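In what follows, a single structure is set out as structure tokens and then discussed.
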Amino acid sequence: MAGGLTSTLLCINSGSSSLKFAVYALPVVDQGQCLAEGAVERIGQSVGRLWIQTANTERHEERGHFADPGTALAALFRSLDTLSCPRPAAVGHRVVSGGPRRLEHTRIDADVLQDLRNALAFAPLHLPAEIAAIEAVSASWPEIPQVACFDTAFHRDIPEVAARFPLPRNLWHEGVRKYGFHGLSYEYIVSQLPDAGRGRSIVAHLGNGASLAAIADGRCLDTSMGLTPTGGVIMGTRSGDLDPGVLLYLIEEKGYNGPQLERLLNRLAGMLAISGVSGDVQTLLAQRDKEPHVAQALDIFAYSVRKTIGAYMAVLGGLDRLVFTGGIGEHAAPLRWSICRPLEGLGIRLDPVANTEARRCISREDSPIEVLVIPTNEDLTIARHTQRIAGLA
């Protein structure tokens with residue numbers, strides 16, 4: 001598979017029920033040479049699926065029971081051996097949050113791993129699987145360096161006026177603050193902008209998890225997610241921002257405890273809760289004209305994103321560019337239209353044909369604000385940092 005190459009990097013993006021990966025040739029330059037990519041899906045379910053697509057169009061696929069991330073990674077390693085992929089020189093992991101102690105991409109050692117275990121409260125949906133993946137790699141390849149690439153790193157210097165919650169100061173010192181997420185995606189998008197992000201940009205990373213960032217001179221000035229990836233705009237199954245009184249009501253009047261609140265806010269809320277059908281946007285778009293609750297869920301999502309765009313135009317003092325990325329941002333043209341159409345008075349004017357065709361530039365020629373659709377590439381960002389930190393450049 002590797003065409004004679006003997007040195008590679010493995011990039012791992014672990015989720016609660018899936019594990020995505022990509023193999024890059026060393027050295028990683030420009031857009032990188034991706035030798036293979038794939039996923040292990042439906043981890044923990046009775047029947048899961050592993051697939052690998054190589055650069056030379058060879059495809060490997062198998063079904064089986066992948067009980068946990070460790071089992072999934074073991075199957076992945078076996079499959080890479082089957083495809084004659086060289087053992088990687090280093091492994092880079094997307095890590096959603098390192099909590100207050102880890103805000104820079106770093107090589108993983110025992111201290112880093114312990115800090116991740118101590119930070120579980122900051123990303124309870126993501127960190128357990130990410131830690132399990134790190135431990136599984138260590139068990140199989142103890143001699144290979146591993147690097148943690150944090151989604152929070154891009155936002156580490158946001159101004160305190162945006163990062164501080166209106167709570168007692170001791171909580172700030174304990175790490176209760178806005179961290180922001182999707183940083184690997186934002187970093188990649190900035191690297192693809194013609195001025196390297198020196199203008200005033202809003203980037204909307206819209207997927208099942210969705211957030212926006214206000215960026216000027218390549219620096220994040222504010223972002224919609226907060227202490228955890230639950231905050232900000234509404235999402236597929238996450239609530240986004242809520243009046244804290246709602247939580248007090250659920251605790252005092254409905255008897256919710258912590259685990260019940262976590263499940264409600266992260267798994268049963270968002271567009272799933274409003275539509276009563278699904279949190280998946282493609283499913284909802286297919287039923288929008290037939291189900292009023294589905295249409296309402298999509299309208300509220302678009303409203304939530306649009307309101308945040310307006311707020312970030314105020315943060316930036318104007319806007320030069322709006323960028324859509326992520327699964328919804330890249331592929332859901334009707335939602336891009338719903339988000340942007342009411343913003344014409346603020347200078348965001350979409351070309352309906354360019355939007356439907358998902359061209360790179362989807363704004364009209366007379367639009368004061370440029371609107372772009374740029375596919376993200378978090379794996380390449382991970383590969384670049386892993387190469388640098390592992391000393392393989």
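Worth a mention:
- Boolean, E62 is over 22 Å from the mean Cα position of the chain (by Cα), in the same structural domain as L19 (by TED's automatic domain parsing) and either modelled with pLDDT of 90 or more or outside any strand (DSSP E or B) (or both): yes
- When restricted to residues that are within 16 Å of L50 (Cα to Cα) and either assigned to a loop (DSSP other than H, G, I, E, B) or at pLDDT below 95 (or both), segment 14-33 contains 7.
- Residue in segment 73-89 that is among the polar types (S, T, N, Q), touching a residue at least 60 places away in the same chain (Cβ under 8 Å) and exposed (fewer than 15 other Cβ atoms within 10 Å of the Cβ) present: yes
- Note on segment 300-319: residues that are more than 25 Å from R219 (Cα to Cα) and touching a helix residue (DSSP H, G or I) at 6+ places or on another chain (Cβ under 7 Å) amount to 3.
- Count of segment 312-323 residues which are surrounded by 14 or more Cβ atoms within 10 Å (Cβ to Cβ) and either free of Cβ contacts under 8 Å to residues at least 40 places away in the same chain or of a type in the set (V, I, T) (or both): 2
- Members of segment 117-161 that are of a type in the set (K, R) and either over 19 Å from the mean Cα position of the chain (by Cα) or closer than 20 Å to S16 by Cβ (or both): R117
- Only listed residue being in the same structural domain as T71 (by TED's automatic domain parsing), farther than 17 Å from V40 by Cα and of a type in the set (A, V, I, L, M), chosen from V137, V112: V112
- Candidate set from segment 335-360 (those that are among the basic types (K, R) and buried (at least 17 other Cβ atoms within 10 Å of the Cβ)); member that is farthest from the chain's Cα centre (by Cα): R349
- Criterion (within 20 Å of T386 (Cα to Cα), surrounded by 15 or more Cβ atoms within 10 Å (Cβ to Cβ) and in contact with an Asp or Glu (Cβ under 9 Å, 6 or more places away or on another chain)) met by exactly one of I12, I43: I12
- Qualifying position, being touching a helix residue (DSSP H, G or I) at 6+ places or on another chain (Cβ under 6 Å), in the same structural domain as R288 (by TED's automatic domain parsing) and not charged (D, E, K, R), among I369, I339: I339
- Count of residues meeting criterion [touching a residue at least 60 places away in the same chain (Cβ under 8 Å), aliphatic (A, V, I, L, M) and not in a helix (DSSP H, G or I)] in segment 104-140: 2
- Those helices (runs of 4 or more DSSP H) lying entirely in segment 152-269 with at least 3 residues farther than 25 Å from L103 by Cα and not aromatic (F, W, Y): 244-252, 258-267
The values are calculated or read from the model by the stated rules, or taken from the named source; none is laboratory data. Here the structure is a predicted model, which means the values were calculated and not measured. For neighbour counting, all protein chains shown are included, and Cβ atoms are generated from backbone atoms with ideal geometry for every residue, glycine included.
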